[in-house]
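*Asks:* Sending over a structure as structure tokens; questions will come in a sec.
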Amino acid sequence: MLRKISALLAAAVFMTAGVASAEILINGAGATFPYPLYSKWFSEYAKIDTSVKFNYQSIGSGGGIKQITAQTVDFGASDKFLSDEELKAAPGKLLHIPTVMGAVVVTYNIPGVAKGLKLNSEDVANIFLGKITKWNDKRIVDDNPGVNLPDKAIIVVHRSDGSGTTSIFTDYLSGVNSDWAKKVGKGASVKWPVGLGGKGNEGVAGQIKTTQYTIGYVELAYAFENKLPYATLKNKAGSWVEPSIQTTSAAAAAAIKNMPADYRISLVNQPAKDAYPVVGFTWLLVYQDQKDKVKGKKMVEFLTWSLHKGQKMAAPMLYAPLPESVVKMVEKTIKTIN
Amino acid sequence: MPHVTFKTDTEPFPGAAGDRRFKRLTGFFALSILIILGIMIFQMTRESLPSITKFGFHFLTGSNWDAVQEDFASLPYLYGSVVSAVLAILLATPLSVATALFITEIAHHKVGSMVASLVELLAAIPSVIYGLWGVLVMAPWLQRTVQPWLIDHFGFLPFFSGAPYGVSMMAGVLILAVMIIPIITAISREVLLAVPQSQREAAIALGATRWEMIRIAVLPYGRSGILGAVILGLGRAIGETMAVTMVIGNAPQISLSLLSPAYTMPSVIANEFAETTSKLHSSALMEIGLILLVVTLIVNVIARFLVWSVTKGQTKEVV
């Protein structure tokens, strides 16, 4: 009996191995934010090149970095770029390939104020620091003439789970307020001075929808899909900017002059007039020297496709596509993979 | 049955070898659980070593949790877990035992079995569903009606001071209570069903009313079993992650007020582990996991002790 079972098991193992070798399987893991777009890309790409199959697990940026460093996957994905130490810890040269951009919007629930509340970046920081505590604080009222702001306490809602959204948002706050930079800093999870924690975009959004006088932050795509009211922010150039796909892409276009060759750049608070200030890249992490040359070649083909055909799918899914200038730059980077 | 042994090992039955093999196989499976537990404890301790050596005992007594500055201490999480679970048990136990008594002793058996299967249905609902209901329905209701009322009438007590946020320790306790009621009820029901009919008949024959019968004959007999059910509920409450995370507000603070947000150990692990920013961060989370394991262990030991002391008293009474 035992012999029979082991024979069956062995047969099963051989059979799955046989199936797998029929096509090239490329495994990846990482960020959850671009997951909907990536899975669309992979399923569309499977129609073009049937010899390759991409498998992506959205386990979070931190997990993606760990797995690509340990080489348990063929590519990683992350909403934050690796530090110099993290790059050194990797066994080979890791490339950051920007794929699309995301933005974070400030959303709120004030009865009677539908949308378009204007918020100075300094005020946003002070609200999240707990220094502005009432909606009718003079600093907010001054920017919103004609808007009837209530004499109610502001309830701050933030993400409780570590996330790239929090990374971008706290990066933005650190850039506009030195107090924030000193006391809190930036990161996927920070020590919030005030407020409630909601799990995921849906947790924060749910909290804000059901609780009056709240303020919080969610991904642009999430806010648009769920028709949440969002604030217009004052950017570094001093102009009021609404969050949108265009103003997000504009931030990357504005950064092209300072774009480092490894794309490890924060896109928040770009000085251009039309640039929304709370914006970040999301990257794929790929080794420049591919161990498996066949996989490496397929990877390059896919990345090239994603830069052209793939970018066109981004905007309808509410991701900001890379501006043309960045696409040209990334094209060259991809060619160095072998 | 410690004295029953079969001498299959020495007898030349054709099945003897199979029996030996079966004995070894079951022994191996039983042992594997211990081995897995051992590996888990070893691995968790090893992973949390950086945090243990860096923060030492302060990890248990401090309350700062800052991933950016890499300073970690776990007291608010420990407090949140223990307080929410204990309060949930205090709330759920009377309700559950009463429900179980209704099912077994009072209701017509058709009604009783219907209620019983409904309760079991509750136990089968995934915790994330409870969480969604909690955050979308219960928390707003708490915020708009219950909590303002509490603040107006009992706001002078430290337990009900502060602003009504909806999500709070109170919401966490309520959702936990709702989740453990089915477990405690279902087990208590089984326990009460096991009470011999003769006990009840004897009490009635002595002229007891129904309540007296329950008090004198049924409850003392099922005491240790019901206690076991409560402890199982407590275990579930301490380990519950998803539903609590969604309604407790996730703010690592220690506050007497039931209206202020809190945080629990499983919640912080679930929230932050996937996106840890440094080795020390994941190590600190691992240490919280270790503390959670120890807390669960302590709860189980206390439970054993309680059940043991109660059963001892019971045998005296019965004999």
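Quick note: the coordinates plus some simple rules give every number you see, no bench work behind them. A quick note: this is a predicted structure, and the numbers were derived from the prediction, not measured. No Cβ is skipped: glycine too gets one built from the backbone with ideal geometry, and neighbour counts run over all protein chains shown.
*Asks:* Positive end of the charge dipole of the stretch A:248-338 (Lys, Arg +1 and Asp, Glu -1 on Cβ, about the Cα centre): tell me which of A:322, A:252, A:276 has its Cα farthest that way.
*Replies:* Highest projection toward the positive end goes to A:322.
*Asks:* Give me the net charge for the shell around residue A:201: Cβ to Cβ below 11 angstrom, other residues only, Lys and Arg +1, Asp and Glu -1.
*Replies:* Here the count lands on -2.
*Asks:* Moving to a separate point now. To make sure I understand, if each residue's beta carbon is the centre and we count other beta carbons within 10 Å, what order do B:49, A:129 fall in, fewest to most?
*Replies:* B:49, A:129
*Asks:* Using only alpha carbons, build the gyration tensor for the stretch A:103-258 and give me the equivalent ellipsoid semi-axes, biggest first, whole Å.
*Replies:* Semi-axis lengths for the stretch A:103-258 are 21, 18, 17 Å.
*Asks:* Separate question: Please compute the average number of Cβ atoms from other chains found within 10 Å of each residue's Cβ in peptide B:128-141.
*Replies:* Neighbouring Cβ atoms belonging to other protein chains average 2 per residue here.
*Asks:* Comparing B:24, B:144, B:200, which has the greatest mean-square fluctuation in the GNM of chain B with Cα pairs linked when under 10 Å apart?
*Replies:* Looking only at B:24, B:144, B:200, the largest GNM fluctuation is found for B:24.
*Asks:* Is the shape of chain B rounded, prolate or oblate, going by the alpha carbon gyration tensor and its root eigenvalues a ≥ b ≥ c, with a/c under 1.5 for rounded and a/b larger than b/c for prolate?
*Replies:* Because a/c hits 1.5 or more and a/b fails to exceed b/c, chain B counts as oblate.
*Asks:* I'd like the FRET efficiency for residue A:138 and residue A:239, computed as 1/(1 + (r/R0)^6) with the beta carbon distance as r and R0 of 35 Å, rounded to 0.05.
*Replies:* Result of the calculation: an efficiency of 0.95.
*Asks:* For a footprinting-style exposure proxy, rank A:104, B:135, A:330 by other Cβ within 10 Å, fewest first.
*Replies:* A:330, B:135, A:104
*Asks:* What residue among A:278, A:268, A:327 has the largest mean-square fluctuation in a Gaussian network model of chain A, using Cα springs under 10 Å?
*Replies:* Looking only at A:278, A:268, A:327, the biggest GNM fluctuation is shown by A:327.
*Asks:* Express as a percent, rounded to the nearest 5, the fraction of DSSP beta bridges in the protein assembly as shown (both residues included) that run antiparallel.
*Replies:* Restricted to the protein assembly as shown, the bridges split so that about 60 percent are antiparallel.
*Asks:* Hey, quick one: spin label on residue B:219, modelled 7 Å out along Cα-Cβ, who in the stretch B:74-95 has an amide N within reach, i.e. under 14 Å?
*Replies:* B:93-95
*Asks:* Take the alpha-carbon centre of the stretch A:302-338, take the same for the stretch A:196-270, and report the distance between them in whole Å.
*Replies:* Going from one Cα centre to the other spans 21 Å.
*Asks:* Once you sort the root eigenvalues of the Cα gyration tensor of the protein assembly as shown as a ≥ b ≥ c, which label holds: rounded (a/c under 1.5), prolate (a/b larger than b/c) or oblate (the other case)?
*Replies:* The shape class here is oblate.
*Asks:* Can you figure out the FRET efficiency of residue B:202 with residue B:113, using R₀ = 30 Å and their beta-carbon distance, to the nearest 0.05?
*Replies:* Between residue B:202 and residue B:113 the formula returns 0.70.
*Asks:* Net charge around residue B:117, counting only other residues with Cβ within less than 13 Å of its Cβ (Lys, Arg = +1; Asp, Glu = -1)?
*Replies:* Once all neighbours under 13 Å are counted, the net charge is +1.
*Asks:* Within 10 Å of each Cβ in A:181-194, how many Cβ atoms from other chains are there, averaged over the peptide?
*Replies:* 4
*Asks:* A follow-up question, please. What percent do you get for the relative contact order of chain A when only Cα pairs under 8 Å and 6+ apart count?
*Replies:* Relative CO of chain A lands at 23 percent.
*Asks:* Among A:208, B:269, rank each residue by its count of other Cβ atoms within 10 Å, from fewest to most, as a rough exposure measure.
*Replies:* The most exposed by this proxy come first: B:269, A:208.
*Asks:* Separate question: Which aspartates and glutamates does residue A:53 reach when only Cα atoms under 16 Å apart count, and residues fewer than 8 places away in its own chain are ignored?
*Replies:* Cross-link targets: A:23, A:44, A:74, A:292, A:301.
*Asks:* Continuing with the same structure: Distance between the C-alpha centers of the stretch B:125-158 and the stretch A:134-169? Whole Å please.
*Replies:* First find each Cα centre; the distance between them is then 23 Å.
*Asks:* Could you pull out every one of the aspartates and glutamates with an alpha carbon less than 16 Å from that of residue A:118, ignoring same-chain neighbours closer than 8 positions?
*Replies:* Result set, ordered by chain and number: A:137, A:142, A:143, A:242, A:274.
*Asks:* Mind scanning A:47/A:297; A:295/B:279; A:93/B:54 and naming the pairs with a C-alpha gap bigger than 21 Å?
*Replies:* A:295/B:279; A:93/B:54
*Asks:* Once you put a point 7 Å from the Cα of residue A:262 and another 7 Å from the Cα of residue B:209, both along the Cβ direction, what distance in nm separates them?
*Replies:* A separation of 8.1 nm, rounded to one decimal place.
*Asks:* Quick check: Cα centre of the stretch A:62-81 to Cα centre of the stretch A:23-43, how many Å?
*Replies:* One Cα centre to the other: 13 Å.
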